[in-house]
1. Please state which of the following conditions residue 333 fails to meet, knowing it meets all the rest: (1) in a loop (DSSP other than H, G, I, E, B); (2) touching a Ser or Thr at 6+ places or on another chain (Cβ under 6 Å).
2. Going through 278, 265, 291 one at a time, which residue ends up being under 16 Å from the mean Cα position of the chain (by Cα), modelled with pLDDT of 80 or more and among the β-branched types (Val, Ile, Thr)?
3. From 63, 56, grab the single residue that is at pLDDT 70 or above, farther than 21 Å from residue 256 by Cβ and not hydroxyl-bearing (Ser, Thr, Tyr).
4. Mind counting the residues in region 252-283 that are outside any helix (DSSP H, G or I) and either of a type in the set (A, V, I, L, M) or surrounded by fewer than 23 Cβ atoms within 10 Å (Cβ to Cβ) (or both)?
5. As an exercise: evaluate residue 356 against (1) surrounded by fewer than 19 Cβ atoms within 10 Å (Cβ to Cβ); (2) at pLDDT below 90 and give the number of the one condition it does not meet.
6. Does residue 295 meet the test of being in a helix (DSSP H, G or I) and more than 10 Å from residue 355 (Cβ to Cβ)?
7. For region 32-45, check the following and say yes or no: at least one residue is at pLDDT 75 or above, in contact with an Asp or Glu (Cβ under 9 Å, 6 or more places away or on another chain) and either in a helix (DSSP H, G or I) or buried (at least 18 other Cβ atoms within 10 Å of the Cβ) (or both).
8. Can you pull out every residue in region 239-254 that is within 13 Å of the chain's Cα centre (by Cα) and either of a type in the set (A, V, I, L, M) or over 13 Å from residue 375 (Cβ atoms) (or both)?
Amino acid sequence: MADLARDPARLHEAAQGTVVQGRWRQLSLLGGTMLIDGAESGLIVGLFPVIRQALGLSLGALGVLAAAGKLVGVITAPLWVWVAHRWSRKGVLVVATGLWGVWGVAAGFAQNFTQLLFLTTVLAAGYAAAQPIVTEIVGDLFDTPSRGRAIGLLYGAVALTSAVLAALKGQLAGFEDGWRWGLWGIGVFNVLFSLVVWRWLRDPGHGAAEPQLADLDPRARKATANVTRDQVAALLKIRTFLLLLISRLLSGHLLLTAFAVVYLVDVYGFTTQAASIVLLPLGIGYFAGTVLGGLAADWASLRSPRYGLPAVLQTAQIAFAVLAYFGTQFDYGSLGVFGLFFALMGMAQGVNPGINRPMVMAVTAPELRGAAFTVYGSIVEAIAWAIFSLGAGYLGEIIGLREVFLWGLVILMLVNGAFLTLLYRPYANDVRRAQRDLDQRRATALS
């Protein structure tokens with residue numbers, strides 16, 4: 001086998017896969033499951049100033065709510081993935097991200113912080129299934145040359161729709177118990193959407209888009225896809241994957257969505273309804289970033305298979321830090337100016353999914369991607385979310401949110417950008433290893 005790491009043309013050729021029929025239609029359904037996954041948390045974040053007033057909460061309560069919702073996923077996401085592999089990925093999505101919406105309805109009746117915390121945490125325990133399972137299925141629907149666009153469109157469309165809904169949900173602040181009606185509405189919608197997923201979602205099966213496995217019978221593909229504990233443990237030995245995990249822990253921009261509204265309310269004196277509007281340009285920017293990031297990922301993979309994706313990822317972190325400094329540390333006195341900077345920050349942040357998710361897919365076996373994205377998104381990212389959320393809530397009351405944003409969104413992101421320099425060397429070698437393993441599996445299946 002040619003040394004793919006030293007031959008860019010062969011590396012790109014080896015990445016070519018097959019076209020799964022109806023993949024874009026399936027992607028829209030998967031996007032719906034991710035949208036309802038984030039709708040409840042977006043409501044809590046966007047309306048926290050009025051929830052805080054209604055239930056007599058402190059700023060730290062927002063950090064606790066956000067952290068609890070993420071930390072519970074550390075436990076439940078691996079369990080959902082385990083169930084999905086032994087039962088049905090589609091079935092888990094129907095139950096965990098659809099029917100689970102009844103807990104959202106219950107959360108709308110919460111009378112104090114303890115009840116709200118318990119019910120939203122149980123709700124998040126189910127929704128934690130969405131990200132790893134959806135991302136794994138996307139990897140089976142799309143081959144490497146199209147994964148950047150697919151992931152970018154998925155995350156971008158979800159972010160854009162969430163932003164529009166967030167701006168609309170923010171207007172519920174003008175109604176008595178508006179946040180309760182929001183939770184009730186989202187919960188009912190989730191249950192109804194689960195019926196749509198059950199009726200029309202089609203799971204392509206593991207490895208359906210891989211060139212070495214696509215033409216094999218699904219049973220033959222499954223026969224070569226047994227997952228062992230040693231294989232899962234070996235994920236942490238993939239240098240690219242390990243570096244991406246560490247980078248995720250340094251991703252201070254995770255603070256932006258959770259604290260954007262309360263930041264503008266507490267630091268610059270905007271009303272909750274006005275501050276919620278800034279989530280719209282943030283989402284539009286994020287959508288633009290995911291689309292551009294997906295296109296950049298596919299272009300960078302073609303132009304420079306060894307260094308393209310790491311370079312785009314690193315540039316995005318540094319660009320975000322610069323934009324965050326000018327977008328959060330100065331009082332412009334105009335929501336329009338803040339909206340412009342938040343749109344640009346959203347664009348820089350939106351580049352990430354279209355780069356880092358395809359990179360994880362490129363260096364892991366198809367059947368291990370669920371485990372990889374569980375570790376990446378539902379464990380490591382959840383831990384990062386919890387640290388940032390709890391830290392911001394606690395430190396925000398002591399030193400102020402402006403200083404918290406300076407350290408988290410600016411300084412830490414510059415550190416993250418510098419750290420990603422370590423990613424350039426191992427990436428191509430890890431892609432070569434993954435392709436070699438798939439070649440061996442095809443030979444085994446045909447022998």
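The values are calculated or read from the model by the stated rules, or taken from the named source; none is laboratory data. In this text the structure is predicted, and so the values were computed from the model without any measurement. Every residue, glycine as well, gets a Cβ built from its backbone with ideal geometry; the counts of neighbours run over all protein chains shown.
1. (2)
2. Details: 278 fails: under 16 Å from the mean Cα position of the chain (by Cα); 265 fails: under 16 Å from the mean Cα position of the chain (by Cα).
One residue alone meets the criteria, 291.
3. 56
4. Within region 252-283, residues that are outside any helix (DSSP H, G or I) and either of a type in the set (A, V, I, L, M) or surrounded by fewer than 23 Cβ atoms within 10 Å (Cβ to Cβ) (or both) number 4.
5. All conditions are met except number (1).
6. Working: in a helix (DSSP H, G or I): yes; more than 10 Å from residue 355 (Cβ to Cβ): yes.
For residue 295, the condition - in a helix (DSSP H, G or I) and more than 10 Å from residue 355 (Cβ to Cβ) - is met.
7. Within region 32-45 (the criterion being at pLDDT 75 or above, in contact with an Asp or Glu (Cβ under 9 Å, 6 or more places away or on another chain) and either in a helix (DSSP H, G or I) or buried (at least 18 other Cβ atoms within 10 Å of the Cβ) (or both)), the answer is no, since none of the residues qualifies.
8. 251, 253, 254
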